[in-house]
Amino acid sequence: MTVIDNMETSDESIAAGNGLLGQRMLRKEDPALLTGEAVFTNDMKVPGALHLAVLRSPYAHAKISSVNVSGALEMEGVMHAFSGADLADQWAAPMPCAWPVTEDMKNPPHYPLAVDKAAYVGDGVACVLATSEAVARDALEAIDVEYEPLPAVIDLEDSLADAVVIHNELGTNSSYTWPLVIEENEGDCQSAIDNSAYVVKERYVQQRLIPMAMEPRAVVAMPQPFGGDITLFTATQVPHVLKVMSALTLGIPEQQLRVVCPAVGGGFGSKLDVYAEELLCLHLARSLGKPIRWNEERGENAQATIHGRAQIQDIELAADENGKITGLRVRLLADMGAYLQLITPGIPLLGAFLYGGVYEIPKAFDFSCTGVFTTMTPTDAYRGAGRPEATYAIEHAMDALAREMDIDPLELRRRNFIPRDAFPYEAYTGLVYDSGDHDKAAKVAEDLVDYAGVRARQATQNTPDATKRLGIGISTYFEMCGLAPSRVLASLNYAAGGWESATVRVLPTSKIQVVTGTAPHGQGHETAWSMIAADKFGVDPADVDVLHSDTAIAPLGMDTYGSRSLPVGGVAISMACDQVIDKARKIAAHQMEANEDDLEFAGGVFTVTGSPDKEMPLAAVAFEAFTAHDLPDGLEPNLEMQVTYDPPNFSWPFGTHMCVVEIDTETGETEVLQYVAVDDCGNKVNPLIVDGQVHGGVIQGLAQALYEEAAYDSDGNLQSSSLAEYLVPAASDVPSITLGESITPSPTNPLGVKGVGEAGTIGAAPCVMNAVVDALSGLGVRDIQMPASPVRVWNAIQEARNNTQENQQ
Amino acid sequence: MIPAAFDYVRAESAEEAISLIGQHGDESKFLAGGHSLVPLMKLRLAQPTVLIDIGRLTDLSYIRDDGDMIAIGAMTRHMDVENSDVLRQHAPLLAHAASHVGDPQVRHRGTIGGSICHSDSASDLPATTLALGATYVAQGPNGTREIAAGDFYQGFLTTVLAPDELLTEIRVPKMDGAGWSFQKFNRRAQDWAIVGVAAWRRNGDSGVGLVNMGSVPILASGVSSALSSGASIEDAAAQAAEGCDPTSDLNASVEYREHLARVLTRRALEEASAG
């Protein structure tokens, strides 16, 4: 039975189907998840499996002088133990980086276990296989490793100076410099900066963040007893990419490798990768002929799974006397961490195209990013991946510009918005924004937050000696998502395409199977995809089964990340449904002896225009297709079509967030009193899921602004490797979120949809930080580094007060 | 998150628990609610060889009116302290402080005795019972003794309890009519306090306990004596960080902790004096 949530339903449901799209249907996935019935990788029972444990370097940077595993091998239950050197000749290729962003990009060889040198705390140096996880972990303590510690490299600018080179063979800590200069005439950007009425020059630090998916990683590699086939069960968001990359790295014939994701408990980009432990399990399972499993501990997850953000941004924003932007220069230092993971170097590039925000920007744009190695955990995609960073920079700089000009930050933004009637809009980058209505989104947010009212309260409340100061934050954003047109990815040197595959099949009993190449790990694809198909066929979504995340069942796919699943994968399903219906129409027309063009299909029944007595339900058509007793000449049996969709453009969700914070100037504590998010992601398949994505995304962005930081000491030790120190906010710590409605369909796909997975995160961090600075700017505080922890806020207030006193003396 | 190997025995009575720990020696530990010890074991920061489970000593779970005092069994769970009518009536500061410990899951498992014996200065109940002038009752092989809270805490995670002594009861003076306040400053509701203040005032008397302002929970006696000498709340609270020795960490510098102690003490005294 299909349950519809009793909340109000969007009246702008997507036209042309059977009225299902736009309904707040409860998620099909949730009963299994909530009752514990869902099987995650580590829940799998695997008789005879050996447990892998990895010994990790306690040093950020150290030469490995020797590794002696004999102590471990003597322990009861320990079957094997290997050093990095023991396995060094087993790899067909180093671990993959699929995004060589420049031709001269430097990429140090990176193997599942380090051989000569450990380059971050957590770098694997040896491993054990034992009959239980407990024995395997105990045995790690019996492995004797001699290290020669070397200086840690933590600071990005220090790293660039190459005083300590991490990867000797590269000769430098700089991986690449990637420029993007867009000018009508050479020097336009510099000229704008030199000649404009206003220029703000700012430096922002995007702190390192730990994605901290609720389920850490887990792996089971299960070899078949004969023939060489092997199945990898793993907590990943990219089974298809992982299959290709594992085959290449390990030299496994690809047809012998199957990758399956059981239930996956979140990823946020951190499971968009090819990890050492997956390769170790695969290799050891194949070479030993035994199932091998590995389960990541939380503290291990904080060190051995990728981190995100970690950039220093220098931005110069120039504007004329009216505040119209005249030029923009951005210099990025991006922390790669110790090695390049799957798409590490490309992450800042995904943001490069968004530094112009939602504004009309002239071709006076000068961007450059340098990727820098450090002795910390490698970075890679983390929810938003480059785009939150870019949005933060432009939106925080817009507030700085508004303060410089002494005008209202909302007014400044409005002066620069790309107008509604300019869409589709070719931006300064040459990319075409599909649709947008920034004035509307801003107006909805302005009204919901009562902008004028709060500004009035603020004027009264924020006296110089007030203990509680109000601040209002605004952010607007465009997101470049739905990754992506394959040709555009090619132009960025990305090693794969951005298409998605769907197969839709109507079974003989008229139940429907949707096979998708997307790999959900919390998003609710089983619900949303069944709604898309059910809407097309006019059936109950309960009659649609969505098959995914197993390369034997769904061999074609590009997986789930970059807010791509609906605007690419969902669209592919919709198109495959149309093709199946077209075929069914031929069969129905043949059966009813009618002209195909006279057939209507609604509510799961074909009818003939003008012949009210003739009708044929889908079930009857499906059975005819199955028996194939009487099909039109030349038509193949069965109702099944496969579509691979390569989107013609990115999709461009957009929105406005506003929030109100109150800061206790005595303690430095920030309380978010109100949060309004207006996220326009085009048509919504299931508004309930959209709301959930926005809620989660906003909290994750707010967490960057106020709570989370992967803090390292000067020796390169991660100080926040447990959830006691890495402050993921809980429900009791965050505000209620008010969602405002704005729906501007995308014209580039038949569903009119955009993506929504990353939007909330992109809008939230700058919104909250703008509010924090807005609350304190009256005291002379210019900026505060994220996270704006109470101690940082308090320090900033003290410093500003001291400066004010000095100035007065 | 897998502890080092250890043995486990279950005690059926306080006497048996004390005998067992005598038997197993220094590397054995009592296991009460397990919400401080077990996380340390999972991180392998604690590696006791034997755990003596006192979780079934239900006769140590009670809250009783005992004349001028309230007697609380050491195995009483935080949520029972939080919801006790007796405590709400006679020592509401303690009931309220218990409601700030960890999260509901912790409060349903963790015990007041376990928290006090673990003696983490960042925990809420050691400083609160100290502020209230509580007495702790310990039972050893040679009988029981009473220890004033002010004499109990020796240093970082250490107390005056002998290895074979078991804390059995916490005795808190009745505070009927006292004004009180509990100020817990943290970044997330479930966290330990960055700084916390437990304070009460009645007639000319007061007590102020400081959470996480040194290696042990601290009684801010300077604040109380300033108040009894007629100092204003503001001036008395300015003494709050005297004699403290806080550490710096990701959440706070020493200077910031000292500042917070003064601000939160002032706020606590204002609230305790308000009615």
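The values are calculated or read from the model by the stated rules, or taken from the named source; none is laboratory data. On a predicted model such as this, the values are computed, not experimentally measured, just so you know. For neighbour counting, all protein chains shown are included, and Cβ atoms are generated from backbone atoms with ideal geometry for every residue, glycine included. We work out accessible area using only protein heavy atoms, side chains counted, and drop any ligands, DNA or RNA first. Shrake-Rupley method; radii C 1.70, N 1.55, O 1.52, S 1.80 Å.
Could you work out the pair-distance distribution P(r) of segment A:523-568 from its alpha-carbon pairs, with 10 angstrom bin width and percents rounded to whole numbers? Values per bin, smallest distances first: 25, 50, 24, 0. Counting charges near A:HIS80 (Lys, Arg +1; Asp, Glu -1) among other residues having Cβ under 12 Å from its Cβ returns a value of 0. Packing, as the average of other Cβ atoms within 10 Å across residues, places the peptides A:190-201, A:228-239, A:390-401 in the order A:390-401, A:228-239, A:190-201, highest first. Taking 0.36 nm per residue of separation and subtracting the current Cα-Cα distance, fully stretching the chain between A:ARG298 and A:ASN185 would add 35.4 nm.
Counting only aspartates and glutamates at least 8 places from A:LYS468 when in the same chain, those with an alpha carbon closer than 15 Å to its own are A:GLU662, A:ASP664, A:GLU666, A:GLU669, A:GLU671, A:ASP774. Given their separation in residues at 0.36 nm each and the Cα-Cα distance between them, A:ALA456 and A:GLU76 gain 129.6 nm when the chain is fully extended. Across the options A:ALA85, A:GLY36, A:LEU26, the greatest Cα extent toward the positive end of the charge dipole of chain A (unit charges at beta carbon of Lys, Arg, Asp, Glu) belongs to A:ALA85. Taking a virtual spin label 7 Å from the Cα of B:GLN105 along the C-beta vector, which residues in segment B:168-208 bring their backbone nitrogen under 18 Å of it? The answer is B:188-192. For an R0 of 22 angstrom, estimate the FRET efficiency from the Cβ-Cβ distance between A:ARG403 and A:GLN798 and round to the nearest 0.05. The computed FRET efficiency comes out at 0.60. Within chain B, no helix built from a complete DSSP H run reaches 30 Å or longer along its own axis (Cα positions) while carrying a mean Kyte-Doolittle hydropathy of 0.5 or higher. Legend: distances between Cα atoms for A:LYS271/A:LYS754; A:LYS243/A:LYS511; A:LYS201/A:LYS443; A:LYS106/A:LYS271; A:LYS614/A:LYS684; A:LYS201/B:LYS184; pairs beyond 32 Å are A:LYS614/A:LYS684; A:LYS201/B:LYS184. In this structure, A:SER732 and A:LEU547 have a Cβ-Cβ separation that, at R0 = 51 Å, corresponds to a calculated FRET efficiency of about 0.85. Working note: Cα atoms of segment B:7-53, range along each principal axis, descending, whole Å: 30, 19, 13. A Förster distance of 60 Å, applied to the separation of the beta-carbon atoms of B:GLU270 and A:SER611, puts the FRET efficiency at 0.10.
Semi-axes of the equivalent ellipsoid of chain B are 31, 21, 16 Å, computed as sqrt(5λ) over the eigenvalues of the C-alpha gyration tensor in descending order.
Solvent exposure of B:MET1, expressed as accessible area, is near 90 Å², computed with a probe of 1.4 Å over the protein chains only.
Under the shape rule built on the C-alpha gyration tensor, where the axes satisfy a ≥ b ≥ c, segment B:179-273 is prolate, since a/c reaches at least 1.5 and a/b is greater than b/c. In percent, rounded to a whole number, the relative contact order of chain A is 16, using alpha-carbon pairs under 8 Å and six or more apart. Annotation: lysines with alpha-carbon distance below 18 angstrom to A:LYS45 (same-chain offsets under eight excluded): A:LYS290. Karplus-based coupling profile of segment A:661-677, in residue order and whole Hz: 10, 10, 10, 7, 6, 7, 10, x, 6, 10, 10, 8, 7, 8, 9, 10, 10, with θ = phi - 60° in 6.51 cos²θ - 1.76 cosθ + 1.60 and x standing for Gly or Pro. Could you please state, rounded to a whole Å, how far the C-alpha centre of segment A:782-797 is from the C-alpha centre of segment A:470-527? Cα centroid of segment A:782-797 versus Cα centroid of segment A:470-527: 38 Å apart. What distance in nm lies between label points placed 7 Å from Cα along the C-beta direction at B:LYS42 and A:SER66? The modelled label-to-label distance comes out at 3.8 nm.
Once divided by 2.2 N^0.38 Å, the Cα radius of gyration of segment A:499-645 becomes 1.07.
Buried accessible surface for the B/A chain pair comes to about 2200 Å², total over both chains, computed with a 1.4 Å probe. In the protein assembly as shown, taking the dipole from charged Cβ atoms about the Cα centre, the farthest positive-side position among B:PRO163, A:GLN674, A:ALA705 is held by B:PRO163. Distance between the 7 Å Cα→Cβ label points at A:ASN168 and A:GLU103: 3.1 nm. Dividing the convex hull volume of the alpha-carbon atoms in the protein assembly as shown by its residue count gives 203 Å³ per residue.
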